[in-house]
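Taking it in order: structure first as structure tokens, then the write-up.
The values are calculated or read from the model by the stated rules, or taken from the named source; none is laboratory data. Quantities reported herein were computed from a predicted structural model and do not represent experimental measurements. Don't worry about glycine lacking a Cβ; one is built from the backbone with ideal geometry, like all the others, and counts go over all protein chains shown. Calculation scope for accessible area: heavy atoms of the full protein, side chains included, ligands and nucleic acids excluded. Shrake-Rupley method; radii C 1.70, N 1.55, O 1.52, S 1.80 Å.
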Amino acid sequence: DGGITQSPKYLFRKEGQNVTLSCEQNLNHDAMYWYRQDPGQGLRLIYYSQIVNDFQKGDIAEGYSVSREKKESFPLTVTSAQKNPTAFYLCASRAGQTTGELFFGEGSRLTVL
Amino acid sequence: GQNIDQPTEMTATEGAIVQINCTYQTSGFNGLFWYQQHAGEAPTFLSYNVLDGLEEKGRFSSFLSRSKGYSYLLLKELQMKDSASYLCAARSGGFKTIFGAGTRLFVKA
């Protein structure tokens with residue numbers, strides 16, 4: 001079945017360590033997104049990519065990095081520069097031009113110890 | 001700036017109707033979405049409005065007024081499984097989608 005797969009589902013990291021969250025989709029969508037969700041704040045956009053080898057910063061890109069070398073993959077690296085990385089991270093891809101709704105992965109919950 | 005406002009929490013009774021309001025201010029507005037999110041899970045798409053008016057889809061309906069920057073999600077015949085957060089989101093320009101903080105709906109028996 002088509003969908004978006006995020007891994008790992010749960011991740012623990014020590015302060016000062018970089019960590020990479022995986023996001024793979026087989027929906028043949030061009031656009032992909034990373035959001036962060038904190039309690040009471042909804043989803044905030046970190047980075048998005050419209051096509052391969054191109055990506056743009058969202059509203060809270062500081063301390064994060066991404067790459068888009070393949071259409072199917074959009075990994076997110078949470079660097080040690082991110083001051084408050086503990087959060088629920090959601091990857092999404094965008095459907096066709098008609099409605100443009102987002103399809104989400106199941107999320108990755110990162111906890112910094 | 002870009003801003004989306006919706007109530008933090010609402011409570012309704014099983015079998016009743018509930019309306020969740022959303023106001024938005026976004027540059028390059030290009031459509032309004034509603035998503036449902038159960039605790040600890042990913043959001044799932046409910047509805048999309050780009051033109052003024054009401055879109056009905058089963059027990060759920062969504063309304064948009066572009067001139068007022070206003071939308072609502074109407075849930076009829078509430079069921080216990082409808083207890084979830086409902087996220088209002090606006091598409092800004094071609095590819096960017098901005099989300100509100102979400103409304104937590106509690107359905108009681």
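So the values come out like this:
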{"quantity": "Residue (of B:Ala42, B:Ile4, A:Gly16) at the positive-pole extreme of the protein assembly as shown, dipole from beta-carbon charges", "calculated": "A:Gly16"}
{"quantity": "Using θ = phi - 60° and Karplus 6.51 cos²θ - 1.76 cosθ + 1.60, couplings along the range A:54-66 (whole Hz; Gly, Pro as x)", "calculated": "9, 7, 10, 6, x, 7, 9, 6, 4, x, 10, 9, 9"}
{"quantity": "Percentage of interatomic Cα-Cα distances in the range A:34-84 larger than 17 Å", "calculated": "36 percent"}
{"quantity": "Sites excluded, GluC sites (Glu not before Pro) in DSSP loops with at most 11 other C-beta within 10 Å, longest stretch of chain A", "calculated": "A:16-61"}
{"quantity": "Chain B, relative contact order [Cα under 8 Å, separation at least 6], %", "calculated": "37 percent"}
{"quantity": "Inter-chain Cβ neighbour average for residues B:100-108, partner chain, 10 Å", "calculated": "2"}
{"quantity": "Spherically averaged projected area in nm², based on the convex hull that wraps the Cα atoms of the protein assembly as shown", "calculated": "12.3 nm²"}
{"quantity": "Cβ charges +1 (Lys, Arg) and -1 (Asp, Glu), total dipole of chain B, debye", "calculated": "160 debye"}
{"quantity": "Within straight-line cross-link reach of A:Lys83, aspartates and glutamates at Cα separation under 17 Å, skipping those fewer than 8 residues along the same chain", "calculated": "A:Glu15, A:Asp38, A:Asp59, A:Glu62"}
{"quantity": "Accessible area of B:Glu56 in the full protein assembly, 1.4 Å probe (Å², nearest 10)", "calculated": "130 Å²"}
{"quantity": "Listed residue (B:Phe60, B:Asn21, A:Asn28) projecting farthest to the positive dipole end of the protein assembly as shown, Cβ model", "calculated": "B:Asn21"}
{"quantity": "B:Ile17-B:Val50 pseudo-label distance in nm [points 7 Å out on the Cα-to-Cβ vector]", "calculated": "2.9 nm"}
{"quantity": "Those lysines that a straight Cα-Cα span of less than 26 Å connects to B:Lys81, excepting residues fewer than 8 apart in one chain", "calculated": "A:Lys9, B:Lys57, B:Lys108"}
{"quantity": "Distance between the range B:27-54 and the range A:24-76 - C-alpha centres, whole angstrom", "calculated": "19 Å"}
{"quantity": "Test item: Cα-centred dipole of the protein assembly as shown, Lys/Arg +1 and Asp/Glu -1 on Cβ, debye", "calculated": "300 debye"}
{"quantity": "Sites excluded, trypsin sites (Lys or Arg not before Pro) in DSSP loops with at most 16 other C-beta within 10 Å, longest stretch of chain B", "calculated": "B:1-58"}
{"quantity": "Dipole axis of chain A (+1 Lys, Arg; -1 Asp, Glu on Cβ), positive-most option in A:Gly2, A:Asn84, A:Gly40", "calculated": "A:Asn84"}
{"quantity": "Debye, to nearest 20: dipole size of the range B:51-108, +1 on Lys, Arg Cβ, -1 on Asp, Glu Cβ", "calculated": "160 debye"}
{"quantity": "Fraction of antiparallel bridges per DSSP, the protein assembly as shown only, in percent to nearest 5", "calculated": "90 percent"}
